Amino acid sequence: MAKINVGLDIGFSSIKVVSLAKDQDRYKLVSLGSTPSPQPGIISDVDEDLEVLADSIKKLFTAANIDQREVIAALPESKVFTRVIDDLPYLTDAELSSAIHYAAEEFIPMPLSDVNLNWQVLVRSEAKGRNAKTVVLVIASPKNAVLKYIKVLDKAGLRAKVLETEIIAVTRSLVGNDPFSPSTLIMQLGATTTDFAAVSKGLIWLTRSISTGGIALTRSLVQHFNFEMNQAEQYKKIYGIMEDQLEGKVFEALKPVIDIIAGEGRRVIQAFETKYPSNPIKRVIVSGGGAKMPGLVIYLANVFGLEVQEADPWYSIVKEKDVVLKLSQDNSSYSAAVGLALRTED
Ligand SMILES: Nc1ncnc2c1ncn2[C@@H]1O[C@H](COP(=O)(O)OP(=O)(O)OP(=O)(O)O)[C@@H](O)[C@H]1O
Ligand SMILES: [Mg+2]
């Protein structure tokens, strides 16, 4: 029987699950599903809230007909410290490990004993020499954040094979490790945060996370129009960032928040291009639930002066015809879950 991989993305506004079967060199969609997250959900530290959340996850697995108990789950970018270290010379494995620990102390604002430290080598020269260098992506996950996820999964009767950060999973489903894909800025617009990654040659070179996401946009409409949250949410989804709708009133209310997000995107592009001047960013991919906002792609294309695309995490995946239509409606919400399920074992 084909091996089945389950990716689970526990977001603040919704929980998404995807299971894929490996069929020779390709992945085939087996099942998918999503359900609204109970509130306060994953941001809570209270046991009872986490029980309620675990119960929703259990029901989602039943509804999606997934009986695997081992999953690959995502940690939120905002809780994890990610950094590319690119000023290392040629190093042996042992030297590399100690160099990373040394560098990590500088960018992690907590004792190293409180984090799980992982890294991925991006570039490594084969031998010593003047131009020899080593570039690594270092990921430090605070142990208390990791433990919370393990606890929730445990309450849901699940076990985490791997926990990785949301933006790493998103990058895998949207760009894969295609060394020929153009240099890309990925923007993952969630409910609580927007996460960014500068990706080139199929590798992540820079990441950032800000606490401005879909909720901030909805709140802006609440304040402007004195709406209830639900009503504001609907206006956001229907009118979005389109100047010609409702005399531009919704546009005006959303614009300052979108500009915060776009501004951070521009800073990530600039930071990447300053470091790697021969390798300019050629396109932007918007992903996450917020990517579906009407007018967003065009608005961002004007801001960045670049090609902007809405994410399609399913592009490399084999699927039956009848699910294709359903998928196209909420493509971009599944980027992290698909990327998690695409992770191969180390
Ligand atoms: N059509 C739409 N237009 C605008 N915003 C939308 C649309 N559909 C969903 N959203 C917004 O996307 C957000 C949810 O996206 P997503 O499912 O990626 O978040 P999440 O993973 O639950 O949150 P987080 O990653 O912050 O924990 C919500 O804020 C929602 O309002
Ligand atoms: Mg999310």
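The values are calculated or read from the model by the stated rules, or taken from the named source; none is laboratory data. As the structure is a prediction and not an experimental result, all values here were calculated from the model. Here the Cβ positions follow ideal geometry from the backbone for every residue, glycine too, while neighbour counts run over all protein chains shown.
A compact table of results
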| item | result |
| --- | --- |
| Residues of region 165-189 classified as of a type in the set (G, A, S) and within 14 Å of ligand 2 (Cβ to nearest atom), total | 2 |
| Identity of the residue in region 176-194, at pLDDT 95 or above and not in a strand (DSSP E or B), that ends up farthest from ligand 1 (Cβ to nearest atom) | S183 |
| Region 237-262, residues that are touching a strand residue (DSSP E or B) at 6+ places or on another chain (Cβ under 8 Å) and over 24 Å from D330 (Cα atoms) | I260 |
| Residue ID - farthest from I285 (Cα to Cα), chosen from residues in region 232-247 that are modelled with pLDDT of 95 or more and either under 20 Å from the mean Cα position of the chain (by Cα) or assigned to a helix (DSSP H, G or I) (or both) | A232 |
| Matching residues in region 71-112 - criterion: being more than 29 Å from G213 (Cα to Cα) and acidic (D, E) | D86, D87, D93, E95, E105 |
| Top-ranked residue in region 264-314 [being of a type in the set (D, E) and at pLDDT 95 or above; ranked as farthest from ligand 2 (Cβ to nearest atom)] | E273 |
| Extreme residue, surrounded by the fewest Cβ atoms within 10 Å (Cβ to Cβ), among residues of region 255-284 that are in contact with a Ser or Thr (Cβ under 6 Å, 6 or more places away or on another chain) and under 28 Å from L221 (Cβ atoms) | I260 |
| Test for I238: is it of a type in the set (A, V, I, L, M), assigned by TED's automatic domain parsing to the domain that holds N279 and away from ligand 2 (no atom under 16 Å from the Cβ) | yes |
| Out of I42, I66, I57, sole residue that is closer than 14 Å to A191 by Cβ and either among the acidic types (D, E) or surrounded by 15 or more Cβ atoms within 10 Å (Cβ to Cβ) (or both) | I42 |
| Close pairs from region 32-54: first free of Cβ contacts under 8 Å to residues at least 40 places away in the same chain and within 16 Å of ligand 2 (Cβ to nearest atom), partner aromatic (F, W, Y) and not in a helix (DSSP H, G or I), Cβ under 7 Å, at least 6 apart | S37/F12; G41/F12 |
| Residue match in region 328-346 (condition: part of a helix (DSSP H, G or I), over 15 Å from the mean Cα position of the chain (by Cα) and surrounded by 21 or more Cβ atoms within 10 Å (Cβ to Cβ)) | no |
| Flag for V162 being surrounded by fewer than 18 Cβ atoms within 10 Å (Cβ to Cβ), away from ligand 2 (no atom under 16 Å from the Cβ) and part of a strand (DSSP E or B) | yes |
| Selected residue [more than 15 Å from ligand 1 (Cβ to nearest atom) and assigned to a strand (DSSP E or B)] from V303, V284 | V284 |
| Region 122-138, residues that are surrounded by 11 or more Cβ atoms within 10 Å (Cβ to Cβ) and of a type outside the set (S, T, N, Q) | L122, V123, R124, A132, K133, V135, V136, L137, V138 |
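Table: residues versus (1) assigned to a loop (DSSP other than H, G, I, E, B); (2) farther than 22 Å from I85 by Cα; (3) more than 16 Å from ligand 1 (Cβ to nearest atom).
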| site | (1), (2), (3) |
| --- | --- |
| N144 | no, yes, yes |
| K148 | no, yes, no |
| A169 | no, no, no |
| F196 | no, no, no |
| V199 | no, no, yes |
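One line per residue, one yes/no per condition, for (1) free of Cβ contacts under 8 Å to residues at least 60 places away in the same chain; (2) over 20 Å from the mean Cα position of the chain (by Cα):
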residue	(1), (2)
L75	no, no
V84	no, no
A94	yes, yes
A99	yes, yes
P111	yes, yes
N118	yes, no
L122	no, no
